[in-house]
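The values are calculated or read from the model by the stated rules, or taken from the named source; none is laboratory data. Quick caveat, the model's predicted, so the values are computed rather than measured. When we count neighbours, we look across all protein chains shown, and the Cβ atoms used for this are built from the backbone with ideal geometry, even at glycine. Quick note on the areas: whole protein, heavy atoms, side chains included, nothing else; ligands and nucleic acids left out. Shrake-Rupley method; radii C 1.70, N 1.55, O 1.52, S 1.80 Å.
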Amino acid sequence: MLNTPPIKIMLVEDYKLMRVGLKSLFEPKDGIEVTTEAQTGKEAVEKFKTNHPDITLMDIGLPDISGIEATRRILELNTNAKIIMLTSHLSEKEVTDSIESGACAYVMKDINTDILKMIIKTIKDGAMWIDPLAVPILREKNKSVIPQRKMSRAMFRSQHANLTQREYEVLKLIVEGKSNNEIAKELTISSHTAKAHVCNIIQKLLVDDRTQAAVKALKEGLV
């Protein structure tokens, strides 16, 4: 049986300490490897030409051209390039400009490590991902395209793997990287109840753990 080669990452970040920190997140067992690093947008474009990474983790705030402009230039070189925007800010302009530039994902830098790894793998498979905090911005700006969805309970159950309304709420928090204790606090329930909901979700979605549940939720549009 052939081993699947690791996903090759180009890490674009001007602060060395941040690059070292991000690089340390990925281990060979994760199937993700940082093979290229760049400190500026222009350097990222040049290194993309020669290194051909599978995924680019792109900081938005760079010292020469922005990560958004670098994304545009990379996509002019290769329309199939997969770029994940990383940012510590949340603004309507950055969110919309990132998506319009062709980025596959918009991710806040304080994201849970396991969720970031999951996002990288789903982006490699062709998915898109928007940080939950940014979704309201896109929905408000595109009301005619992304209307608020209201389902009957029967339709909800038929389209969401027989999850209950509460389990669906828990699933959304799992996707956000929340722990059982954080879920309990968010929903004002006990940690024991939160754990039970998570176990039920894993069973109903036919997956092995919460990370796989989050991956399936994103891939199949459950959240």
In the range 17-72, residues that are among the β-branched types (Val, Ile, Thr) and in contact with an Asp or Glu (Cβ under 8 Å, 6 or more places away or on another chain) total 3
Tell me which residues, restricted to the range 63-87, are in a loop (DSSP other than H, G, I, E, B), of a type in the set (A, V, I, L, M, F, W, C) and closer than 22 Å to Leu116 by Cβ. Ala81
Examine the range 36-58 for a residue that is closer than 24 Å to Ile130 by Cβ, over 20 Å from the mean Cα position of the chain (by Cα) and assigned to a loop (DSSP other than H, G, I, E, B), and state whether such a residue exists. no
When you look at Leu218, is it closer than 18 Å to Pro132 by Cα and in contact (Cβ under 8 Å) with a residue 40 or more places away in the chain, yes or no? yes
Can you pull out the residues in the range 88-113 that are open to solvent by less than 30 Å² (accessible area, probe 1.4 Å), touching a residue at least 40 places away in the same chain (Cβ under 8 Å) and assigned to a helix (DSSP H, G or I)? Val95, Thr96
Could you please find all residues in the range 54-83 being touching a residue at least 40 places away in the same chain (Cβ under 8 Å) and buried (at least 19 other Cβ atoms within 10 Å of the Cβ)? Ile55, Thr56, Leu57, Met58, Asp59, Leu62, Gly67, Ala70, Lys82
Can you spot a residue in the range 150-157 that is assigned to a helix (DSSP H, G or I), at pLDDT 80 or above and open to solvent by 40 Å² or more (accessible area, probe 1.4 Å)? no
Would you say Lys185 is modelled with pLDDT of 90 or more, out of contact with any strand residue (DSSP E or B) (no Cβ under 9 Å at 6 or more places or on another chain) and open to solvent by 30 Å² or more (accessible area, probe 1.4 Å)? yes
Those residues of the range 1-52 which are polar (S, T, N, Q) and either open to solvent by less than 30 Å² (accessible area, probe 1.4 Å) or touching a residue at least 40 places away in the same chain (Cβ under 8 Å) (or both) amount to Thr36, Asn51
